[in-house]
Every structure is written in structure tokens, then in C-alpha cells.
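Below is one structure, written out as C-alpha cells; the observations come after it.
The values are calculated or read from the model by the stated rules, or taken from the named source; none is laboratory data. Here the structure is a predicted model, which means the values were calculated and not measured. Glycine also receives a Cβ, built like all others from the backbone with ideal geometry; neighbour counts cover every protein chain displayed. The protein model used for the area step is the full one, side chains on, heavy atoms only, and it has no ligands, DNA or RNA in it. Shrake-Rupley method; radii C 1.70, N 1.55, O 1.52, S 1.80 Å.
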Amino acid sequence: MQRTLLTEMAIKFCCFSQEPVDDVDSWGESIEKLLSCKAGQMAFQDFLKSEYSEENILFWLACEEYKKVKSEPEMISMANQIYTEFVQTEAPRQVNIDSGTRTNITNNISEPTLSSFDTAQKMIFSLMARDCYPRFLKSDIYQCIQQKHGKS
């Protein structure tokens, strides 16, 4: 019987992950708890990759890093990278945000602020929480990790 891509990813994560996987049981409580853990982010990213929607978590993580930027030149550079990679029309990893939000970001990208992507990030977070996270909790990846590392 041929293994599915999802099963392969679950096996890879379960068997070959050298990272300690703490708080696996808490991942099922909320998407916030899942994303607060590096191993949780990795497992969720593997799952989203299997669903061809990895751009969502990559965008969310990029926005989280963007909010930590201290200097204006770094903020401008990173804002342009996020815009080019995820927001502009026909971006390589274009995220699914409404046209008004996309237009607003486009109109203000020349003078970015630390909140430039907040609305889009909230939209993507809501999409992941509503659609992807419930499927993740039922996935082979999560079930395997929970069996190997969970306490329940």
C-alpha cells in the first residue's frame, strides 16, 4: 500500500525530529498555543505544506518577525520582502486576503509602519484558526506526534 505525502511527513517529524517536543497536549487547546511553540510551528507548517497552503504560516511568521524590527532601514527592507513574497498580485506565495486590504498595503508600502501588515496577518490567522487548525488536529502528523510525545 502506497503511503500518502501526509503520512510520510508525519513519519519524518515523529521519527527524525531531534527537537524536544514540549506541551504537545496543549497544541490541541488552541492555535495560539500551537504557534507559541517552535515544534508546533514546524508541525503545522509541514501539515500546511501537505495542503498546499504553507504560505499562510510563512506569512504569519514573517509578520511576527517584522513586528520585532528596530531600525527604519530594516523595517523598509523587510516590509518590501513581505510585500513581494506574499502580498502583491501574482506574488510567488500570495496569501488570500481581500482586495481592500491588499490595496491598502500596496498604497502604503513606500512608507511602511510596524502595523502595515496587521490587518492581513489577522485575516490569515483567522483563516488558519477556522479552516486549517481543525484539520491539523485530525491529521496523521498531529496524531503521530501526540502518540510519541504526548502525555494523554
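Against the conditions (1) touching a Ser or Thr at 6+ places or on another chain (Cβ under 6 Å); (2) touching a residue at least 24 places away in the same chain (Cβ under 8 Å), Leu114 satisfies every one except (1). The helices (runs of 4 or more DSSP H) found wholly in segment 57-131 and carrying at least 1 residues that are among the charged types (D, E, K, R) and touching a helix residue (DSSP H, G or I) at 6+ places or on another chain (Cβ under 7 Å) occupy 99-108.
A quick yes/no check of all residues on (1) β-branched (Val, Ile, Thr); (2) open to solvent by less than 60 Å² (accessible area, probe 1.4 Å); (3) under 18 Å from the mean Cα position of the chain (by Cα):
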residue: Ile76; (1), (2), (3): yes, no, no
residue: Arg102; (1), (2), (3): no, yes, no
residue: Asn107; (1), (2), (3): no, no, no
residue: Glu111; (1), (2), (3): no, no, no
residue: Pro134; (1), (2), (3): no, yes, yes
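For segment 49-65, the condition of being surrounded by 19 or more Cβ atoms within 10 Å (Cβ to Cβ), modelled with pLDDT of 95 or more and among the acidic types (Asp, Glu) holds for at least one residue.
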